[in-house]
Structures are given as C-alpha cells and as structure tokens.
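Heads up, the thing below is written out as structure tokens.
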Amino acid sequence: MKKYLVIGNPIDHSLSPQLHNYWLKKNNIKAIYNKEKLGINELKNLILKIREKKINGVNVTIPF
C-alpha cells in the first residue's frame, strides 16, 4: 500500500487526509494519506523515508 503525507507545524487544522482518503477509497486505490506534525530538524529523516520509498509523496500545508 502506498503512503502519502501532508506535513506542517501546526497540522491539526488540515482536512487533507479526510478529503484524499475519501477519493482513494472511492476509486479503489490502495493507498493511505495521513498528516504528520514535523519540526524543521525532522525534515532530513522525512527525506530519507521518501528516498527509501517508505513514503510515496508529501504535501506541505501552511503554516510550516
């Protein structure tokens, strides 16, 4: 299953997971879209996960 994220700080306000997971399910796409609160010092680890294909895509919300 593919994994996608919206990242930000703060992130609680984001409705992206609800919106994207609805369409993923409706179109029978085997993927999940989550949100994750990240600090600036955590970006390097996120980039490594993307390179290792543990995460397939990322969006950034405002503010970050």
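The values are calculated or read from the model by the stated rules, or taken from the named source; none is laboratory data. What you see is a predicted model; the values in this text were computed from it and never measured. Neighbour counts are summed over all protein chains in view; Cβ atoms, including those assigned to glycine, are modelled from backbone coordinates with ideal geometry. Quick note on the areas: whole protein, heavy atoms, side chains included, nothing else; ligands and nucleic acids left out. Shrake-Rupley method; radii C 1.70, N 1.55, O 1.52, S 1.80 Å.
Show me the strands (runs of 3 or more DSSP E) found entirely inside the chain where at least 1 residues are in contact with a Gly (Cβ under 6 Å, 6 or more places away or on another chain). Break it down stepwise before answering.
Values: elements: 2-8, 31-37, 57-60.
The strands (runs of 3 or more DSSP E) meeting that bar are 2-8.
Identify the residue in the stretch 24-64 that is within 18 Å of residue 11 (Cβ to Cβ) and of a type in the set (Lys, Arg) and, among all such residues, is least open to solvent (accessible area, probe 1.4 Å).
49
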